[in-house]
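This report concerns only the one structure given below.
The values are calculated or read from the model by the stated rules, or taken from the named source; none is laboratory data. The structure presented is a predicted model; accordingly, all values stated were derived computationally and were not measured. Every residue, glycine as well, gets a Cβ built from its backbone with ideal geometry; the counts of neighbours run over all protein chains shown. Accessible surface is based on the protein model in full, side chains and every heavy atom, while ligands, DNA and RNA are left aside. Shrake-Rupley method; radii C 1.70, N 1.55, O 1.52, S 1.80 Å.
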Amino acid sequence: MTDFEIVMKHNHKLSSKVLAHLSQVVGERLSTKKVDLLTYSRDYWPITLHWMLKGKLPSLPDAVVWPENKEEVEKVVKIAHESSIPIYAYGGGSGVLGGTIPEKGGIIVDLKRMRSIKLHEEDLLVEVEAGTNGYYLEKYLNKKGYTLGHFPQSLYPSTVGGWIATKATGQFSTKYGGIEDMVLGLDVVLPWGESIELKPHPRSATGPDLKRIFIGSEGTLGIVTKAWLKIWPYPEKRVNLSFASENLNDALDSVRRILRRGAKPAVVRIYDTIETKRHFYKFEKAYGKVATVMILEGDTRTVEAEEKIVEEEFKGTPIGKGPVDHWLKTRFNVKEASEFAPLGVVFDTIEVSINWSKATQLYNEVSKAMRSVKGTLFASAHASHFYPQGVCFYFTFAGVPKGDPTKYYNKVWDAAMRATLNVGGAISHHHGIGRQRREWLQEELGNAFEVLRRIKDALDEKRIMNPGNMGV
């Protein structure tokens, strides 16, 4: 471990007294072993891979604990609060913005041992602990005849708690919504070690919706230990469609009109010409065009009605279900960053959102801004999540900088964020803020950032919950 340079240095160390107290709570489910500290020093933030290849680590925790129930989480948090020790909730480690990096040292709380599931069929609810793996949850529901409808690209390694903390959304969001649309109730351990239960009513008007404070808070306000989520009957029918359009605007306008008529395709993804060539090069009718893949699913009659609307509204040439089948087989591939980093290639993705009236402008401006950074090989995008009011663009860039890869990486990010803010878009759609995006959060929120800061001060006066994350 002494061979590694620590990028985010801190002076925090746990006392033997604190370690003894933690051991009393979790027993042997406590580790200060170097191999465990190394494992929990980073998430999937792409730039950290370049650091590791150069013998650098983002930051090391002082200890890792694996609680098995809410009561143990409460006790661990209380110990941290009493001694002003930083504490970080950890799920699958699949975040891509450094959201779980133990920047100030302290305690990592890995929740993956908390994975109980209870189905409430009549209420169309599932009660699930925060450490439950997303893929396992969906398979469990499928066997019972249901679906959550939440399929992030990180489905295999991610957890329910991580989804809630980052306000995640999935590939089928146009029909089922983001995680914020699925959460009906939460159990949360607060920064001083006391827990609250926000009950899973179908709707309530009992003051502000406190669940929303914790959804997307990225572990800065508390630790989610359990959630009650909406579920749906497993779809009776599925229809796979794809189209080739002459330009991006035609495809975007087609989807906008489909949604205005009330149809809700489960999946819609529109690829610009660069990404169409990269992803669908085997399909001659799509090559050189703008490809759209679409999945309709649900009740048979509903799907038939939606299919008719799509046929009436989409501007483009139908090219069959082949591209959809290909997308379904490859949709969880996320290996580009790890494959190309050893070759000196800096690779990342940036997702932002915008209203329909400025959608094409945002695509053009952000693409241009990223390409303008010296060293960029390409910048491309696909539209991946759709609403009656607007769209999410998911940009990809790769570059081979001559100098410091971190400097180049931050230049591209700054170019993309500035272009997004200038057009009036949101700087994040579903990856969250973490440590990479924190410098632009205040600019987007304006004086509303002060509200966020005051909520942080009120709930976490000792600032122990994921300190440094989101810049609060």
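Summary of computed values
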| item | result |
| --- | --- |
| Helices (runs of 4 or more DSSP H) (entirely within region 369-472) containing at least 3 residues that are hydrophobic (A, V, I, L, M, F, W, C) and closer than 26 Å to PHE214 by Cβ | 438-445, 449-459 |
| Residue within region 45-52 that is out of contact with any strand residue (DSSP E or B) (no Cβ under 8 Å at 6 or more places or on another chain), more than 14 Å from GLU103 (Cβ to Cβ) and not polar (S, T, N, Q) present | yes |
| Residue in region 96-117 that is among the basic types (Lys, Arg) and either touching a Ser or Thr at 6+ places or on another chain (Cβ under 7 Å) or modelled with pLDDT under 95 (or both) present | yes |
| Residue within region 79-102 that is part of a helix (DSSP H, G or I) and of a type in the set (A, V, I, L, M) present | yes |
| Filtered residues of region 17-53 (kept if among the basic types (Lys, Arg) and free of Cβ contacts under 8 Å to residues at least 40 places away in the same chain) | LYS17, LYS33, LYS34 |
| Filtered residues of region 389-409 (kept if open to solvent by 10 Å² or more (accessible area, probe 1.4 Å) and without any contact (Cβ under 8 Å) to a residue 60 or more places away in the chain) | GLN389, TYR394, VAL400, PRO401, LYS402, GLY403, ASP404, LYS407 |
| Top-ranked residue in region 181-223 [being part of a strand (DSSP E or B) and out of contact with any helix residue (DSSP H, G or I) (no Cβ under 9 Å at 6 or more places or on another chain); ranked as nearest to ILE85 (Cα to Cα)] | ILE196 |
| Lone unmet requirement of (1) part of a loop (DSSP other than H, G, I, E, B); (2) in contact with a helix residue (DSSP H, G or I) (Cβ under 8 Å, 6 or more places away or on another chain); (3) modelled with pLDDT of 95 or more; (4) not aromatic (Phe, Trp, Tyr) for ARG42 | (3) |
| Restricting region 284-326 to residues that are over 13 Å from VAL255 (Cα atoms) and acidic (Asp, Glu), the residue that is least open to solvent (accessible area, probe 1.4 Å) | GLU297 |
| Residue check, SER116 open to solvent by 50 Å² or more (accessible area, probe 1.4 Å), more than 30 Å from HIS431 (Cβ to Cβ) and of a type in the set (Gly, Ala, Ser) | no |
| Candidates GLY98, GLY131, GLY145 - the one that is touching a residue at least 40 places away in the same chain (Cβ under 8 Å), open to solvent by less than 50 Å² (accessible area, probe 1.4 Å) and closer than 22 Å to THR48 by Cα | GLY98 |
| Subset of region 120-154 [more than 22 Å from PRO265 (Cα to Cα) and in contact with a helix residue (DSSP H, G or I) (Cβ under 6 Å, 6 or more places away or on another chain)] | VAL128, ALA130, THR132 |
| Any hit, region 156-179, residues being crowded, with 23+ Cβ neighbours inside 10 Å and farther than 29 Å from VAL391 by Cα | no |
| Candidate set: region 410-428, residues that are of a type in the set (S, T, N, Q) and closer than 13 Å to GLN361 by Cα; chosen: the one surrounded by the most Cβ atoms within 10 Å (Cβ to Cβ) | THR420 |
| Scope region 285-341; condition assigned to a loop (DSSP other than H, G, I, E, B) and farther than 20 Å from ASP272 by Cβ; matching residues | ASP299, GLY320, LYS321, PHE332, LYS335 |
| Close pairs from region 327-343: first closer than 15 Å to ILE47 by Cβ and loosely packed, with under 15 Cβ neighbours inside 10 Å, partner of a type outside the set (Phe, Trp, Tyr) and modelled with pLDDT under 95, Cβ under 7 Å, at least 6 apart | SER338/LEU49; PRO342/LEU53 |
| Top-ranked residue of region 184-221 - restricted to ones that are crowded, with 19+ Cβ neighbours inside 10 Å and among the β-branched types (Val, Ile, Thr), ranked as nearest to PRO102 (Cα to Cα) | THR220 |
| In region 214-226, the residues that are within 17 Å of the chain's Cα centre (by Cα) and more than 13 Å from TYR90 (Cα to Cα) | PHE214, ILE215, GLY216, SER217 |
